[in-house]
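I have placed the structure first, in the form of C-alpha cells, so that the comments after it can refer back to it.
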Amino acid sequence: MRGTSARRAAATEAPRHATEPPEVGCVVGLEDVHVRLGERDVLRGITAELHERRIGIVGANGSGKSTLARLLDGLVLPTRGTVRVDGLDTRRSGAQVRRRVGFVFSDPDAQIVMPTVAEDVAYSLRRSEHDRAARDRLVADWLARHGLDRHADHPAHLLSGGQKQLLALTSVLVSGPRLVVADEPTTLLDLRNTRRVAALLAEIPQQVVLVSHDLDLMAGYDRVLVVDEGQVVADDEPAPAIAYYRRLLDERP
Ligand SMILES: Nc1ncnc2c1ncn2[C@@H]1O[C@H](COP(=O)(O)OP(=O)(O)OP(=O)(O)O)[C@@H](O)[C@H]1O
Ligand SMILES: [Mg+2]
C-alpha cells in the first residue's frame, strides 16, 4: 500500500482532536515473522514485543529495516507468522491498525495527497474537526510549530525535499496516532531541520519506532534493534546495540 492510501485509511474514524493529548503507545507483537518478496526471503523469523516509548532500528542497506517497519502498520503482511498491534492482527484488521499507527515514509511524495501545504495538513483533520474556522486555526498552529507557516499556501509538491519531510511528519502527527513509525525521516534534511525533526521525535508523546542510518538520533532511546540479513541480530539499549552494529560492519569485507 502506498502512503497516500495509508493516510486515507488512517482517517476513516474520527482521530483525536489535535489539541487534546493523544492516547499513546501500543504493544506490537511479532511472532516468527517471515516475509518473502519475489524470490527473496527478506525477513527470516523475527520475534519481538515492542512496547517501549522510543525504539530505533538500524542495519546495513538491504538488511530488511523498511520491510520490518512496514510490517508494523500492515503496509507489508507477513508471509508466515503474525504481527499484532494491541492484539489486532495486521492481516485481518489493517484499517484499525492504521488508525493507531502513523507511518512517515522516507519519500515524502508518497504521502502528500493535497495540492497545498495547508490543505495537506487539513486533510488529516477532515474527520475530527468539521468546523472550518477551527480546522484552519489548528492547521496554522501545527504549521507554525513545525516551521512551515510561511509555506501554508504553497504547492506541496514544490517544497524542498526537507520541507516535504517536515510536512509529511506534520500531517501524520495531526491525525493523532498512538505510534509513529518513521523510515529515515531525516535523509533529505539539512542540519537545522535534522535537529528539528530529532527534537520533535524526542518530544512528542507518541511512541516512536525510528529507522535511520543517523545513529546519533537514537542516543536517548529506550531500545535499538540491529537488523542483518533479515534477522534481528542485536536488541539492546542504544550504546551496546550500536557498538554491536559497528563491529558487525567492521567485520564485513
Ligand atoms: N518488492 C520487493 N520485491 C523483491 N525484493 C524486495 C522488494 N522490496 C524489498 N526487497 C528486497 O528486500 C531486501 C530488504 O529491503 P528493505 O527495503 O527492507 O531494506 P532496508 O534495510 O530498508 O535498506 P535501506 O537501508 O537501503 O533502506 C532488499 O534486498 C530488497 O532488494
Ligand atoms: Mg529502507
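The values are calculated or read from the model by the stated rules, or taken from the named source; none is laboratory data. Remember, it's a predicted structure, so these values are computed and weren't measured experimentally. Cβ sites come from the backbone with ideal geometry, for glycine too, and all protein chains shown count toward neighbours. For accessibility, only protein heavy atoms count, side chains too; no ligands or nucleic acids. Shrake-Rupley method; radii C 1.70, N 1.55, O 1.52, S 1.80 Å.
Overview of results
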| read-out | value |
| --- | --- |
| Sequence of Ser175, Ser106 when ordered by accessible area, the most exposed leading, probe 1.4 angstrom | Ser106, Ser175 |
| The chain, accessible surface, carbon-and-sulfur percent (1.4 angstrom probe) | 47 percent |
| Förster radius 30 Å - calculated FRET efficiency between Leu77 and Glu52 (Cβ-Cβ, nearest 0.05) | 0.80 |
| Mean ellipticity per residue at 222 nm, deg cm²/dmol - from DSSP H runs of n ≥ 4 across the chain, formula -39500 (n - 2.57) | -10000 deg cm²/dmol |
| Solvent-accessible heavy-atom area per residue, rounded to whole Å², over the chain at 1.4 Å | 45 Å² |
| Estimated FRET transfer efficiency (Arg91, Asp250; beta-carbon r; R0 30 Å; 0.05) | 0.20 |
| Two-site label geometry, Ala60 and Glu39: point separation in nm, points 7 Å out along Cα→Cβ | 2.0 nm |
| Qualifying trypsin sites (Lys or Arg not before Pro) for segment 108-160 [loop in DSSP, other Cβ within 10 Å: at most 16] | Arg126, Arg127 |
